[in-house]
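Only one structure is covered here, and it is reproduced in the block below.
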Amino acid sequence: MSAFRSGLLVLTSPLSALSLRLVPILASAAHIVEDTLYVHLQPGLSLAGSAQPRSTYVPATPELCGLISKLYADAGTHGHLDVRVLLTNIRNQGAPAPPPTLGSVQNLAHPPEVVLTDFQTGDGGQYNPVKQRLERYATSCYSCRPNLISVLLYPDYEPDEEELPLGELKAGEESLPSYSDVVVGGTFDRLHNGHKILLSACCLLAERRLLVGISDQDLLENKMLKELIQPYEQRMEQLVEFLVDIKPSLRYETVPLLDPFGPAITESKLHCLVVSEETRKGGLAVNKRRLENGLPELALHEILLAKDPGHRENEEEKISSSSLRHRLLGTLLRPPLRNPALPSCPYVIGLTGGTGSGKSSIAQYLERLGAFLVNMDNLGHEVYVPGGPAHQQVVEEFGAEIMNENGTINRRVLGAKVFGHQEQLKRLTDIVWPVMAQMAKGQIEEATAQGKAVCVLDAAVLLEAGWTDMVHEVWTVIIPEKEALSRIMARDGLSEEAAWNRLQSQLPNSQRVQQSHVVLCTLWEPEITYKQVEKAWAFLQKRLEQD
Ligand SMILES: *[C@@H]1O[C@H](CO)[C@@H](O)[C@H](O)[C@H]1NC(C)=O
């Protein structure tokens with residue numbers, strides 16, 4: 001079976017049976033679909049018989065909500081799949097009659113190339129009209145690619161004899177509540193299955209409008225690995241594409257959240273706030289502020305966060321963006337630099353990071369794994385020694401007063417002249433950086449002579465000095481500023497203010513990360529750091545084999 005980028009899975013089993021079968025159904029679909037898997041829930045739909053099957057409304061019940069959550073949670077084991085459960089035909093009984101969307105074709109962001117179903121025909125699925133009916137049914141509901149392929153996932157099973165639930169509530173079953181305007185907030189970084197559960201609940205509750213606050217700026221300050229959070233625009237676009245796909249009839253509004261409350265405490269025309277276990281307290285605080293502002297309280301609707309089946313050591317148990325960001329450490333974030341002037345061997349990694357980031361220990365790990373290390377900070381010292389390549393020029397530029405009696409350059413005196421003085425500093429680096437680059441090139445030739453395949457250029461100022469033209473990839477080591485601060489104070493015996501000044505004189509992590517191909521973080525135990533480096537090294541070896 002060849003793989004398709006986008007697929008539509010039409011689920012016809014009764015909900016109770018479906019929840020038991022989800023795992024194998026998703027596994028089968030994951031073999032066939034590579035990217036986006038749309039799921040259309042139509043329990044009781046019959047593709048047998050001569051009549052053309054028609055979409056009917058499915059009632060929005062807590063049971064259905066639970067099933068949707070389970071679907072997204074189970075989808076977590078197929079990391080490549082972007083699952084989207086379509087809610088167009090799901091109807092909240094408390095809501096006024098929905099607009100007549102049934103019968104009109106819905107456009108999807110990724111039109112399906114294949115339609116799959118769990119419908120069981122019992123006759124082996126050889127040539128049979130079921131497949132034709134399935135294709136026609138799929139194209140009557142959603143825009144699909146021409147020449148849609150259909151696949152019966154379980155052609156050999158006997159059909160269920162269970163009573164088929166149709167578009168009516170069973171006796172004793174309750175519908176979900178519904179509200180005209182619903183509000184929800186979050187960071188929505190790398191939209192994941194946990195977000196999708198939250199957003200689906202919002203869409204089922206909302207009749208008219210969903211207002212989504214998206215954390216930005218100061219609200220991201222304390223997030224784990226905040227440097228790897230996607231830009232606001234990108235997070236917003238992913239979010240809106242998903243929402244419009246699953247329920248195009250709602251009106252969606254997004255706003256940047258610059259404080260924890262946002263429009264939830266100022267807009268009168270809101271009725272329900274959707275929260276998770278974690279944000280319930282925030283929801284209560286919102287209502288307190290609304291009352292103070294003379295606004296009616298919001299109904300708080302709490303959803304359960306799904307567990308992440310693939311969570312690893314040092315990651316949260318629930319599906320979370322920070323775990324996803326954690327998994328990015330050591331992986332290739334963007335295509336390597338293509339510098340035609342640079343020979344392909346040895347492959348040169350520029351390793352950088354701020355002071356206190358743990359860059360040196362990572363350089364040592366890489367050396368142990370087989371890399372040839374060029375320590376630019378050591379070269380920096382060599383250029384200043386009497387008779388060294390920059391000694392004379394630096395003395396001419398900054399005066400004899402920077403020398404000790406024995407002719408060595410007093411780094412403290414020189415440092416005082418340039419630190420905090422942009423122009424002076426530039427005069428110094430204009431002399432020293434090109435000399436260091438020349439020395440590094442000599443060492444890289446040395447690595448070639450030794451037959452080394454990978455060279456690591458360990459340089460705090462790699463980006464500032466423009467040494468990226470000497471490397472194939474930039475690897476950056478990051479550490480939260482607060483942690484860097486305490487490391488610098490402990491290591492160099494500096495006051496908090498002095499350590500802070502030193503940090504401020506460097507490129508911020510976010511700017512380094514923007515120019516990096518691989519990011520590493522040394523915040524946790526050394527074993528975790530080592531694992532990251534091993535992972536990065538293993539991926540690098542794979543890239544080198546492919547070239
Ligand atoms: C040169 O003098 C400085 C300061 O007096 C001293 O720290 C350094 O070790 C001396 N270097 C050599 C090579 O003698």
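Among residues of segment 354-392 being part of a helix (DSSP H, G or I) and within 16 Å of the ligand (Cβ to nearest atom), the one that is surrounded by the fewest Cβ atoms within 10 Å (Cβ to Cβ) is His381. Just one of (1) within 24 Å of Arg368 (Cα to Cα); (2) surrounded by fewer than 18 Cβ atoms within 10 Å (Cβ to Cβ) fails for Val477. It is (2). Confirm whether Gly407 is more than 47 Å from the chain's Cα centre (by Cα) and either assigned to a loop (DSSP other than H, G, I, E, B) or among the acidic types (Asp, Glu) (or both). When the stated conditions are applied, Gly407 passes them. Just a yes or no: is a residue in segment 426-443 within 16 Å of the ligand (Cβ to nearest atom) and either over 30 Å from Arg334 (Cβ atoms) or not assigned by TED's automatic domain parsing to the domain that holds Trp524 (or both)? Checking segment 426-443: not a single residue is within 16 Å of the ligand (Cβ to nearest atom) and either over 30 Å from Arg334 (Cβ atoms) or not assigned by TED's automatic domain parsing to the domain that holds Trp524 (or both). Being outside the structural domain of Pro248 (by TED's automatic domain parsing), more than 22 Å from the chain's Cα centre (by Cα) and modelled with pLDDT of 90 or more is the requirement here; does Leu22 meet it? Yes, satisfied. For the condition touching a strand residue (DSSP E or B) at 6+ places or on another chain (Cβ under 8 Å) and aromatic (Phe, Trp, Tyr), what is the one hit in Trp475, Trp537? After applying the criteria, what remains is Trp475.
Selection of first residues in segment 390-419 that are in contact (Cβ under 8 Å) with a residue 12 or more places away in the chain and of second residues that are more than 16 Å from the ligand (Cβ to nearest atom) and among the aromatic types (Phe, Trp, Tyr), restricted to Cβ pairs under 8 Å at least 6 apart or on distinct chains, gives the following pairs, ordered by first then second residue: Leu414/Phe398; Lys417/Phe398. Evaluated against (1) hydrophobic (A, V, I, L, M, F, W, C); (2) without any contact (Cβ under 8 Å) to a residue 60 or more places away in the chain; (3) touching a strand residue (DSSP E or B) at 6+ places or on another chain (Cβ under 8 Å), Leu22 falls short on exactly one condition, (3).
Here's the yes/no breakdown for (1) at pLDDT 90 or above; (2) small (Gly, Ala, Ser); (3) touching a Lys or Arg at 6+ places or on another chain (Cβ under 6 Å):
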{"site": "Pro309", "(1), (2), (3)": "no, no, no"}
{"site": "Glu315", "(1), (2), (3)": "no, no, no"}
{"site": "Ile319", "(1), (2), (3)": "no, no, no"}
{"site": "Ser322", "(1), (2), (3)": "no, yes, no"}
{"site": "Arg327", "(1), (2), (3)": "yes, no, no"}
{"site": "Leu333", "(1), (2), (3)": "yes, no, no"}
{"site": "Gly354", "(1), (2), (3)": "yes, yes, no"}
{"site": "Ser360", "(1), (2), (3)": "yes, yes, no"}
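Within segment 202-229, track down each residue that is over 17 Å from Leu324 (Cα atoms) and either free of Cβ contacts under 8 Å to residues at least 12 places away in the same chain or surrounded by fewer than 17 Cβ atoms within 10 Å (Cβ to Cβ) (or both). Arg208, Gln217, Asp218, Glu221 - these are the residues of segment 202-229 that are over 17 Å from Leu324 (Cα atoms) and either free of Cβ contacts under 8 Å to residues at least 12 places away in the same chain or surrounded by fewer than 17 Cβ atoms within 10 Å (Cβ to Cβ) (or both). Looking only at segment 27-70, residues that are part of a loop (DSSP other than H, G, I, E, B), of a type in the set (A, V, I, L, M, F, W, C) and closer than 24 Å to Arg133 by Cβ come to 4 in all.
Within segment 393-416, the residues that satisfy the criterion of being aliphatic (A, V, I, L, M) and within 14 Å of the ligand (Cβ to nearest atom) are Ile402, Met403, Ile409, Val413, Leu414.
Listed by position, the helices (runs of 4 or more DSSP H) contained in segment 463-547 that have at least 2 residues being over 30 Å from Arg338 (Cβ atoms) and acidic (Asp, Glu) are 481-492, 496-504. Taking the numbered list (1) within 19 Å of Gly350 (Cβ to Cβ); (2) touching a helix residue (DSSP H, G or I) at 6+ places or on another chain (Cβ under 9 Å) in turn, Arg543 passes all entries but (2). Annotation: Val151 fulfils all but one of (1) modelled with pLDDT under 95; (2) on the phi < 0 side of the Ramachandran plot; (3) surrounded by fewer than 19 Cβ atoms within 10 Å (Cβ to Cβ); the unmet one is (3). Answer yes or no as to whether Thr468 is surrounded by 13 or more Cβ atoms within 10 Å (Cβ to Cβ), polar (S, T, N, Q), touching a residue at least 24 places away in the same chain (Cβ under 8 Å) and within 16 Å of the ligand (Cβ to nearest atom). Answer is no for this residue. Which residues, counting only those in segment 331-346, are touching a strand residue (DSSP E or B) at 6+ places or on another chain (Cβ under 8 Å) and more than 15 Å from Lys441 (Cβ to Cβ)? Across segment 331-346, the qualifying residues are Thr331, Leu332, Leu333, Pro336, Leu337. Of the residues making up segment 283-297, one or more are under 23 Å from His192 (Cβ atoms), touching a Leu at 6+ places or on another chain (Cβ under 9 Å) and at pLDDT 95 or above.
The values are calculated or read from the model by the stated rules, or taken from the named source; none is laboratory data. Treat the numbers as computed from the prediction; the structure is a model and nothing was measured. Cβ coordinates were reconstructed from backbone atoms using ideal geometry, including for glycine residues, and neighbour counts include every protein chain displayed.
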